[in-house]
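Asker: First the structure, which I've put down as structure tokens, then a few questions once you've had a look.
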Amino acid sequence: MRSIALGCAGLRASTRFLGSGIVVVPPFCTLPISAYSTFTKQTATMDDRPAKKRKVESSSLKVCLVGAGRMGKVRAPLIYANRYLELTAIVDVDKRAGMKLASKFGATYHSSVESAAAGCECFAVWISTPTFTHKTAITAACSHPSVSHIFCEKPVGKDAGEIKELFNMCRTSGTKLCCGFQRRFDPSYLDLKRRVMLGEIGTVTMGTVFFADHPCPSLEFLKNGGDPFLDLAPHDIDFLRWVLDDEVVELYATGSSSHSELKKCGVIDNATMLCKFGRGCVITIMMSRSATYGYDQRVELFGTKGSISVENHNRTSTVVKDRFGIRSDCLKYSFPERFHEAFGAEVDAFVKTVRFGEVWPISEDDCVLTQLVAENAGVSYNLGKKVTLTKRPTKNTRLQVVRQIGIGDFGSFMDKLLRSHSDGSKYVQLPPYSRSKSPHLHWTRDVLENTSTDAFYICSPDSLHQMHGMQCLRAGKHVLIEKPVTPDFDSVMETALAMSAKIQRQLVVMVGFHRRFDTQFLKAKEYLRSNTVHTVCIKSFDPVPPEPNLEFVVQNSMCHDLDMLYFLWPDATTILITNAHINDARASAISLSGKIVFGKNAKDDVSFTIQYKKQHPSYVQKVAFEKNGKISAEFGYDFVAKEGEPCCNLFREAYIRQWEEFVQLCNKSSNGQSVEDANVVRMKGYARSFALMKIAASMVKGLK
């Protein structure tokens, strides 16, 4: 058998000798060579016809696109197509190219960023120009008062130092600077990240990245900025750092030139990097400028429980199987085709950041550290030896990213409280999610599976607490769940323990029993350390309308009082409710009584009563201890709220302390510190409280 190469990417005709005859086996693509070449040229360049008009929101954001070259042509139609954005200006030093792109999308052409920002009052500037122009463009954009957000293609600056300088400049001017690494927005790469994060392949120990560019750029481009370590590698360096949640500590890089003219200039177009990460994972990154068969971009990671890969994308998924073999379509032509969906998602993410207050997933540290690895690859290549990276972040610098679920009355109160308390130095608080008020967010894709989110604060309706908690835990997130967690907190605890074992990292679970963090009730607990009591009386009166469903009253309101018993006496063997009484159904007035049991010696037992009711003129939360029939100490409040003031404002400091402990525990867990023992003890305590609540609710239900 012999093959005749046709000199066209992905095409080959084969001749096979069968007996005395010759059979010609056509390639998969049956277009003539001229037609195929025309097709690939059209897919790689922009259609010159004017873009179709599309619907734009009345409050759309004006955007100035800087750059009418290769990346500008990729970005322009995606910005134009987004209904929340209005592409108003195109900037380019090449007047002909700039005017051509501007006329297609109904924008105005400008020769400078200053002119565009002033003339169009642009809210955002999108920079898609060569790296050496980024500093000038960013400086001009962030100096204009109307510009609040800037997007810049990677890398933000020519080196790590300039990247820091530009981020600092934008921070000083109050401008948000966003850098683009499109793999983070590609569905396949996102799914790989999610699966690795959830422990599906265990601990990643090694991997391979293969990146072969197509078509090969011009020699002029390669000689003036086509260094594979600085131009190609950063995409995969950033992706690997993100997936592994780890930093490169050692690397060795080498390469070669496949063209004599490149060799003369000392430019390589084939390169390999061997990267060792902090926890021991070793990754090989192979790069080439000269794939003749289409855009080849693959990654495979190997772990202790399996492997996972992202494969290439063909132009179509059609596969032909016949007596001559199995043939599939050609690979996609180049990066605009392969990452078209990712580029669109990147624009959507920018809109969510600018318009809806979401947090851009790529940080300044990501940009700087990725650039440092790329720069050190060049150092290794030039020296011909391994390089050790000394500039890397300490793990405790990473801030937790938290989102609240639910923005009803209480959720709105908590969102406002926590935002007023935060200075952004301890955690990043995303905008709250609500099914009715967050139409721009998809529950699964944007909320649960958002790989940038570490933890959730669940303030949704009571009936959804357990379901939302378990969904978040299964997504590998820490949770603070408002009370109550019904019908079965044990299922939440079991899910947390199972997922923690799977991902080899403790998932923090807290329930919103805020009285555990209140100063008065902490004093009550401290009092018991040095004093013996015989009886405890808890009074809990609310100045709110009555609730006819008394079982719900126990679950929603009295759960705090029942939890208080186990909080004050965590070493109790058990707590027995011996009597339940409905004092006044019209005021939702209920009383419970029983014993706190400490082993076999009945002398150590403590009697308790809990009195609850609604429609009270003030907000009463009190714990009174008795000894020998006399009140020995009393803690708590009798609070009258000001007009328009919510009663929960009484516990604002307790809510803040509860939140700070939650974030601190999440930080410890995410940064490799053990929180397992305290976490398990806390969950078991919650389980006892909810079991007691179930008994009380059942007893009250039986009294109706």
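The values are calculated or read from the model by the stated rules, or taken from the named source; none is laboratory data. The structure displayed is predicted, hence computed values, not measured ones. So basically every Cβ, Gly included, is an ideal-geometry build from the backbone, and we count neighbours across all protein chains shown. Accessible surface areas use protein heavy atoms only, side chains included; no ligands, DNA or RNA. Shrake-Rupley method; radii C 1.70, N 1.55, O 1.52, S 1.80 Å.
Asker: Criterion first (touching a residue at least 60 places away in the same chain (Cβ under 8 Å) and of a type outside the set (Val, Ile, Thr)) does residue 570 satisfy it?
Answerer: It is true that residue 570 is touching a residue at least 60 places away in the same chain (Cβ under 8 Å) and of a type outside the set (Val, Ile, Thr).
Asker: Among the residues of segment 161-201, write down those that are touching a Lys or Arg at 6+ places or on another chain (Cβ under 7 Å), open to solvent by less than 10 Å² (accessible area, probe 1.4 Å) and not hydrophobic (A, V, I, L, M, F, W, C).
Answerer: Those that are touching a Lys or Arg at 6+ places or on another chain (Cβ under 7 Å), open to solvent by less than 10 Å² (accessible area, probe 1.4 Å) and not hydrophobic (A, V, I, L, M, F, W, C): 180, 189, 199.
Asker: Then there is this: Of the conditions (1) surrounded by 16 or more Cβ atoms within 10 Å (Cβ to Cβ); (2) touching a strand residue (DSSP E or B) at 6+ places or on another chain (Cβ under 9 Å); (3) aliphatic (A, V, I, L, M); (4) in contact (Cβ under 8 Å) with a residue 60 or more places away in the chain, residue 407 clears all except one; give me its number.
Answerer: Going through the list (1) surrounded by 16 or more Cβ atoms within 10 Å (Cβ to Cβ); (2) touching a strand residue (DSSP E or B) at 6+ places or on another chain (Cβ under 9 Å); (3) aliphatic (A, V, I, L, M); (4) in contact (Cβ under 8 Å) with a residue 60 or more places away in the chain, residue 407 breaks only (4).
Asker: Within segment 288-313, work out how many residues are open to solvent by 10 Å² or more (accessible area, probe 1.4 Å) and β-branched (Val, Ile, Thr).
Answerer: Counting residues in segment 288-313 that are open to solvent by 10 Å² or more (accessible area, probe 1.4 Å) and β-branched (Val, Ile, Thr) gives 3.
Asker: Another question, if that's okay. Here are 222, 230: which of them is part of a helix (DSSP H, G or I), in contact (Cβ under 8 Å) with a residue 40 or more places away in the chain and open to solvent by less than 60 Å² (accessible area, probe 1.4 Å)?
Answerer: That would be 222, the only listed residue that is part of a helix (DSSP H, G or I), in contact (Cβ under 8 Å) with a residue 40 or more places away in the chain and open to solvent by less than 60 Å² (accessible area, probe 1.4 Å).
Asker: Would you check if there is a residue in segment 579-594 being in contact with a helix residue (DSSP H, G or I) (Cβ under 7 Å, 6 or more places away or on another chain), more than 25 Å from residue 648 (Cα to Cα) and either without any contact (Cβ under 8 Å) to a residue 12 or more places away in the chain or open to solvent by less than 50 Å² (accessible area, probe 1.4 Å) (or both)?
Answerer: yes
Asker: Please verify whether segment 537-544 includes one or more residues that are open to solvent by 30 Å² or more (accessible area, probe 1.4 Å), within 15 Å of residue 591 (Cα to Cα) and not hydrophobic (A, V, I, L, M, F, W, C).
Answerer: Checking segment 537-544: at least one residue is open to solvent by 30 Å² or more (accessible area, probe 1.4 Å), within 15 Å of residue 591 (Cα to Cα) and not hydrophobic (A, V, I, L, M, F, W, C).
Asker: Separate question: What's the number of the condition residue 525 fails, among (1) open to solvent by 50 Å² or more (accessible area, probe 1.4 Å); (2) in contact (Cβ under 8 Å) with a residue 12 or more places away in the chain; (3) basic (Lys, Arg)?
Answerer: (1)
Asker: Counting residues that are out of contact with any Ser or Thr (no Cβ under 7 Å at 6 or more places or on another chain) and not aromatic (Phe, Trp, Tyr), which helices (runs of 4 or more DSSP H) fully inside segment 486-591 reach at least 2?
Answerer: 489-503, 519-530, 559-568
Asker: Next up: Given (1) crowded, with 19+ Cβ neighbours inside 10 Å; (2) within 24 Å of residue 410 (Cα to Cα); (3) of a type in the set (Ser, Thr, Tyr), identify the lone condition not met by residue 495.
Answerer: Of (1) crowded, with 19+ Cβ neighbours inside 10 Å; (2) within 24 Å of residue 410 (Cα to Cα); (3) of a type in the set (Ser, Thr, Tyr), only one is false for residue 495: (2).
Asker: Every residue in segment 445-462 that is closer than 20 Å to residue 353 by Cβ and surrounded by fewer than 14 Cβ atoms within 10 Å (Cβ to Cβ), please.
Answerer: Across segment 445-462, the qualifying residue is only 445.
Asker: Now, a different point. Using the structure shown, decide if residue 147 is assigned to a loop (DSSP other than H, G, I, E, B), at pLDDT below 95 and either touching a helix residue (DSSP H, G or I) at 6+ places or on another chain (Cβ under 7 Å) or open to solvent by 60 Å² or more (accessible area, probe 1.4 Å) (or both).
Answerer: Considered against the rule, which asks whether it is assigned to a loop (DSSP other than H, G, I, E, B), at pLDDT below 95 and either touching a helix residue (DSSP H, G or I) at 6+ places or on another chain (Cβ under 7 Å) or open to solvent by 60 Å² or more (accessible area, probe 1.4 Å) (or both), residue 147 comes out as yes.
Asker: Shifting gears a bit: What about residue 460, is it farther than 30 Å from residue 632 by Cα and part of a loop (DSSP other than H, G, I, E, B)?
Answerer: Yes; evaluated as a whole, the condition is true for this residue.
Asker: Of all residues being more than 15 Å from residue 662 (Cα to Cα) and among the basic types (Lys, Arg) in segment 498-522, which is surrounded by the fewest Cβ atoms within 10 Å (Cβ to Cβ)? Just the residue, please.
Answerer: So, considering only residues that are more than 15 Å from residue 662 (Cα to Cα) and among the basic types (Lys, Arg), the one surrounded by the fewest Cβ atoms within 10 Å (Cβ to Cβ) is 502.
Asker: Another question, if that's okay. Being in contact (Cβ under 8 Å) with a residue 60 or more places away in the chain, within 30 Å of residue 195 (Cβ to Cβ) and among the polar types (S, T, N, Q) is the filter here; which residues of segment 472-522 pass it?
Answerer: If the condition is that a residue be in contact (Cβ under 8 Å) with a residue 60 or more places away in the chain, within 30 Å of residue 195 (Cβ to Cβ) and among the polar types (S, T, N, Q), then 500, 504, 506 are the ones that fit.
Asker: Give me the residue from segment 657-704 that is of a type in the set (Phe, Trp, Tyr) and over 30 Å from residue 581 (Cβ atoms) and, out of that set, surrounded by the most Cβ atoms within 10 Å (Cβ to Cβ).
Answerer: 659
Asker: Please enumerate the residues belonging to segment 463-481 that are assigned to a loop (DSSP other than H, G, I, E, B) and open to solvent by less than 10 Å² (accessible area, probe 1.4 Å).
Answerer: 476, 477 - these are the residues of segment 463-481 that are assigned to a loop (DSSP other than H, G, I, E, B) and open to solvent by less than 10 Å² (accessible area, probe 1.4 Å).
Asker: Scan 428, 447, 402 and give me the residue that is within 28 Å of residue 367 (Cβ to Cβ), modelled with pLDDT of 95 or more and part of a strand (DSSP E or B).
Answerer: 402
Asker: Within segment 646-655, how many residues are open to solvent by less than 50 Å² (accessible area, probe 1.4 Å) and more than 15 Å from residue 521 (Cα to Cα)?
Answerer: Summing the residues that are open to solvent by less than 50 Å² (accessible area, probe 1.4 Å) and more than 15 Å from residue 521 (Cα to Cα) in segment 646-655 gives 3.
Asker: Would you mention how many residues in segment 202-214 are open to solvent by 50 Å² or more (accessible area, probe 1.4 Å) and closer than 18 Å to residue 235 by Cβ?
Answerer: Result for segment 202-214: 2.
Asker: If residue 530 satisfies all but one of (1) open to solvent by 40 Å² or more (accessible area, probe 1.4 Å); (2) touching a residue at least 12 places away in the same chain (Cβ under 8 Å), what's the number of the condition it fails?
Answerer: (2)
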